Amino acid sequence: MIQNLKKTYNEFPKIFWMVTFISFIDMLGTYILMPFIALYVTSAFNVGLTKVGIIWTIAGIGNLFGGMIGGALTDKIGRKFIILFGLIVSASFSIVILFIKDINTFYFIVLVMGLMGSVAGPAHSAMVIDILPIKKRTEGFGIMRISMNLAATFGPALGGFLSSYSFSYLFILDAIASIITGILFFFAVPETKPQININESSIEKRNLDLRSNQENKTYQPSLGSKLKKEDSKSSSGGYKEVLRDWKFLLFVIVSAIMVLVYEQMNTTLPVFLRDSYNLPNYMFGWLLSMNAIMVVLFQYRLTQRIKKFSPFIMMAVGNLLYAVGFGMYGLFSSVPMFFIAMVIITIGEMIVAPFSQTIASNFAPKDKRGRYMAILQWTGLIPTLFGVLGAGIIMDQHNPLIIWGLAFILSIIAALGYRMLHGIMKSSSYSLRDKFDLGSDSDFESKSNNISSFKSEKEIDYIEVSSLD
């Protein structure tokens with residue numbers, strides 16, 4: 001076992017393990033606080049769950065615009081500074097919230113916090129993509145999920161214990177975790193933003209336009225003469241290229257449907273089980289703990305066994321498991337079946353999560369990773385904006401079982417969407433791996449590829465363009 005652990009450690013860059021450890025500290029603070037935000041708001045301001053839904057919606061609006069700004073800044077400035085800025089904002093607002101006594105002021109603070117704090121989200125994702133070799137991304141994201149679930153195992157337990165004394169302790173610990181994370185990040189993690197030379201940028205831009213023209217059955221002979229002008233736009237432009245990548249946007253839409261279903265586990269499910277079946281809160285805590293422990297114990301080994309399969313097919317399989325698991329909560333009323341349903345959901349989650357990150361990272365060209373990761377955040381923001389509030393309306397005004405019927409249907413739709421994406425990518429003139437396997441296997445380990453080595457890696461692309469010029 002020790003040999004296996006040592007082998008796994010040596011398969012990844014050392015900086016990846018440092019980032020994983022530092023992220024664990026940050027996520028520990030998050031999981032100490034976040035599961036109890038709803039309880040804090042309802043008790044501190046004497047309001048109902050509708051107000052909590054409004055807060056989530058306001059936070060989602062801030063995250064939407066903050067993520068877009070952060071994506072552009074990540075590509076322009078780099079990853080490290082943006083991440084440090086986000087940590088400072090997080091620590092500051094965790095303390096500020098303690099002094100707010102009015103719900104309307106709280107709304108405003110949540111909006112500003114969402115706007116400023118979410119700036120760092122794309123930078124986090126882009127840094128991990130920079131560091132991980134392409135062939136190790138699926139396993140690497142699996143390891144990151146194990147770290148996150150370790151935090152999810154211990155954080156809520158500590159938060160629940162401290163909240164029985166005062167919610168203030170939770171905000172203070174979250175601020176301390178952000179400060180410690182910031183200090184470690186500043187001293188131990190270098191900037192990872194790849195250095196993109198003009199020739200490499202030209203090739204990526206030319207191939208993007210070429211593929212677009214091939215799909216539309218058109219081609220402009222003057223394309224080559226415009227490359228120099230387009231190079232300057234490529235590095236300083238906004239989100240035009242991302243929004244032109246319709247395959248990526250389709251992936252985002254399908255993923256948003258998937259997340260809309262999955263998020264019900266943390267928002268609607270505990271209220272449904274409590275109100276419909278009188279399930280004690282501590283028992284729902286056991287459900288979540290079982291989920292986290294399963295990920296910690298089995299995520300990496302499962303990822304190693306399924307990484308050879310098509311990522312889109314695996315995403316479809318995971319969503320089929322979601323359909324079964326969430327659908328069971330609408331069919332059964334016994335506690336053992338609740339746990340069996342959670343086991344099925346967790347297996348689906350372990351299949352979906354690493355592949356989801358890998359697919360998104362492979363879509364993104366080197367100089368647009370921040371922007372692509374910002375758009376990827378829509379997969380979580382759209383459910384945040386509408387999912388919690390919509391589920392609340394169904395719970396309050398209609399039969400709560402409708403939610404789990406909808407979860408089943410939406411999961412099937414998502415599975416079909418991923419299967420369709422598999423067919424689209426398979427029939428395209430380029431493969432997902434070929435499109436983004438640029439330069440060396442790890443961007444972080446080799447930032448300065450010369451154009452000759454790059455040309456040999458992308459020989460097919462040169463042939464495609466030259467044959468049409």
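Coordinate-derived values only; no laboratory data. Here the structure is a predicted model, which is why all the values come from computation and not from measurement. Because the Cβ atoms are built from the backbone with ideal geometry, glycine has one as well, and the counts that use them run over all protein chains shown.
Summary of computed values
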| quantity | calculated |
| --- | --- |
| Histogram of C-alpha separations across the range 238-438, 10 Å bin width, % | 8, 33, 34, 18, 6, 0 |
| Potential extension, Ile413-Ile77 segment - 0.36 nm per residue separation minus Cα distance | 117.1 nm |
| Residues of the range 1-28 with amide N under 17 Å of a point placed 7 Å along Cα→Cβ from Ala188 | 9-10, 12-28 |
| Positive dipole terminus of the range 7-193, leading residue within Tyr169, Tyr40, Gly71 (C-beta point charges) | Gly71 |
| Student exercise, the range 238-438 dipole from Lys, Arg, Asp, Glu Cβ charges, in Debye to nearest 20 | 820 |
| Calculated FRET efficiency for the pair Asp102/Phe339, C-beta based, R₀ 51 Å, to 0.05 | 0.75 |
| Percentage relative contact order, the range 7-193, counting C-alpha pairs under 8 Å, at least six apart | 44 |
| Between the range 310-348 and the range 143-172, the Cα center-to-center distance that results, in Å | 26 |
| Proximal lysine pairs, the range 238-438, alpha carbons under 19 Å, eight or more residues apart or interchain | 14 |
| Nitroxide proxy distance, nm - points 7 Å out along Cα→Cβ at Phe45 and Gln3 | 5.9 |
| Pairwise label distance in nanometres, Tyr277 with Gln397, each label 7 Å out on the Cα-Cβ vector | 2.7 |
| Relative contact order (percent, whole number), the range 292-432, Cα cutoff 8 Å, 6+ residue spacing | 37 |
| Taking the C-alpha atoms of the range 304-344, convex hull volume expressed per residue in Å³ | 52 |
| Note, ³J(HN,Hα) from phi for the range 322-334, Karplus 6.51, -1.76, 1.60, rounded to Hz, x at Gly and Pro | 4, 4, 5, x, 5, x, 5, 5, x, 10, 10, 10, 9 |
| Pairwise FRET efficiency - Asn266 versus Ile176, Cβ, R0 = 41 Å, nearest 0.05 | 0.95 |
| Under 5 Å, built H, 5+ apart or other chain: amide partners of Arg79 | Thr192, Lys193 |
| Karplus-derived HN-Hα couplings along the range 247-262 (A = 6.51, B = -1.76, C = 1.60, θ = phi - 60°), whole Hz, x at Gly and Pro | 5, 5, 5, 5, 4, 5, 4, 5, 5, 5, 4, 4, 5, 4, 6, 4 |
| Theoretical gain in end-to-end length, Met420 to Ala157 [0.36 nm per residue, Cα-Cα removed] | 90.6 nm |
| Rg over Rh [alpha-carbon atoms, Kirkwood Rh] for the range 7-193 | 0.99 |
